[in-house]
Structures are given as C-alpha cells and as structure tokens.
Amino acid sequence: ENLVHRGTSSDKHKDVTSETSKQPQSEPVEDKSNFHFVYTIAKVLIIFTVLSVLYTLYSLSYSDTPSTPRTPSKVTNTKGPHFGDPKLTGRLYTREELARHDSHGSPILLAIMGRVYDVTKSRSYQPDGGYPFFAGTDGTRAFATGEFNDKGLIDDITELDHDSIRSIADWVFMYDEDYPFVGKLIGTYFDEKGDPTAALMNAEKLLKKANKQKATQNKEKVKFPPCNGR
C-alpha cells in the first residue's frame, strides 16, 4: 500500500523556512532622492556661475566707460574747442562713404559738425546700443534737440539758440576727449580740400556769442545772487 505522509505543522514550518532561505535576498534599496536633488541644485548653480562670468567678461569687453555719451551740461569744457580747429588732420569722407560706416559697419563712424570720429569701441553705437542712429551720418542738430529722426538727424544748426550751440560745443569736446578723430566730412562744414566753409565760420561766430552771453549771465549771478526767500 502507498503510504501518504502527512507532515506535521513543524515539518511544514521547516519546509517554508528552507524554501525562503533558498530564495535570493533582495538588496536594500538606497534612497537616491536626496542625492538627485543636491546634484540638480549643484548643476544649476554651476551653470548660473558660468553664465555670470561670461556675461561679466562680455560687458567688460564692450565697456562704455568712458565712451558712454554724457549729458553735455556735465562736461567741463575748459579748453573751449573750436568747431573749425585748423590743426585737425585726417582723411576726407563723402556722405556716401560715411554712410557705409553705420552701426553695422567696420569701423563704426559718426560725424558732428563735420568732424568724423571712430566710435567702434562703444557699444552705444552698435545695432543693439542706445544710439545706433548717430552712426554713419552727421546728426549734429539732434545732439541739441533730441530729435532722433530724419528731421532731426541733420547737420544744420541754424535757428538754434545759444544754449543749444554751447551744448553742441560740449559734445564736440567730449568726442575729442573720448574717441579717435579720423577725418572730415565734405559738405556743410568742410569743402573738398578739407578747409572750413562759410557755414563753419558762421557757427564759430554763434559759439563765441553764446559763450559771451553765458559769461555775462555768470557774472550777473555772482553780482546779484538769487534770493532764497519765499
């Protein structure tokens, strides 16, 4: 007869224990969530630092100091520059040639009172700068009026008042100090030989009158100081 063995509960427990011991033990799962969080933060900080350094280097390479246009009233004009300084030397530019050196040109040039300056070093006159419209043209009038359009960006300063004339003179002084003078613009203020025109001589007279008027006003302020009383 076939005998069927009925194991006891103790035998069953031994069998289960034996089977369990034979199964591969699973390795403890490490909690990597904290590691991934720290790694992500560190990576973001590194990227931010690199971008900050690159931006700083870019800003320094295109620094506008001292090239940034200053408010004329803040410029101390101690030399009293003349619009038609006979000592100026450089090549002669036609308006067409100057126009090729706009904010996209190389070099970037601008003219004021017919005097041409290389302003390439300043970011202000590049396409994304604050004053690209001055590049490649003589926009003398706009320096005094603030009209940065076709009507204002011209070299005609007739009908401007004395304050405006002095303002333009201060701008000329600033460009003389901060940028290389490279030549003269043939047209309103210089002829084809580079000699001053009648318009430039007239501008000189207007500037002398403007300076004389300012000197008189300053003397009157000293002699009759304004009353501070209400």
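The values are calculated or read from the model by the stated rules, or taken from the named source; none is laboratory data. Only a predicted model underlies this, so the values are computations on that prediction, with no experimental measurement involved. Protein only, heavy atoms only, side chains kept; ligands, DNA and RNA dropped before computing areas. Shrake-Rupley method; radii C 1.70, N 1.55, O 1.52, S 1.80 Å.
Compute, for R91, the solvent-accessible surface of its heavy atoms (probe 1.4 Å) with the complete set of protein chains present, and express it in square angstrom to the nearest 10.
Its accessible surface works out to 110 Å², give or take rounding.
Before I look further, what does region 151-192 give for accessible area per residue, probe 1.4 Å, in whole square angstrom?
Counting only protein heavy atoms, the per-residue value for region 151-192 is 41 Å².
From the protein chains alone at 1.4 Å, what is the descending order of accessible area for K184, K121, largest first?
If we order K184, K121 from most to least accessible, we get K121, K184.
Greater than 30 Å separation of Cα atoms is the criterion. Which listed pairs, K121/K151; K151/K209; K151/K208; K184/K221, meet it?
Distance filter (> 30 Å) returns K184/K221.
Just reorder Y117, Y131, Y93 by solvent-accessible area, largest first, 1.4 Å probe, all chains present.
Largest accessible area first, the residues go Y131, Y93, Y117.
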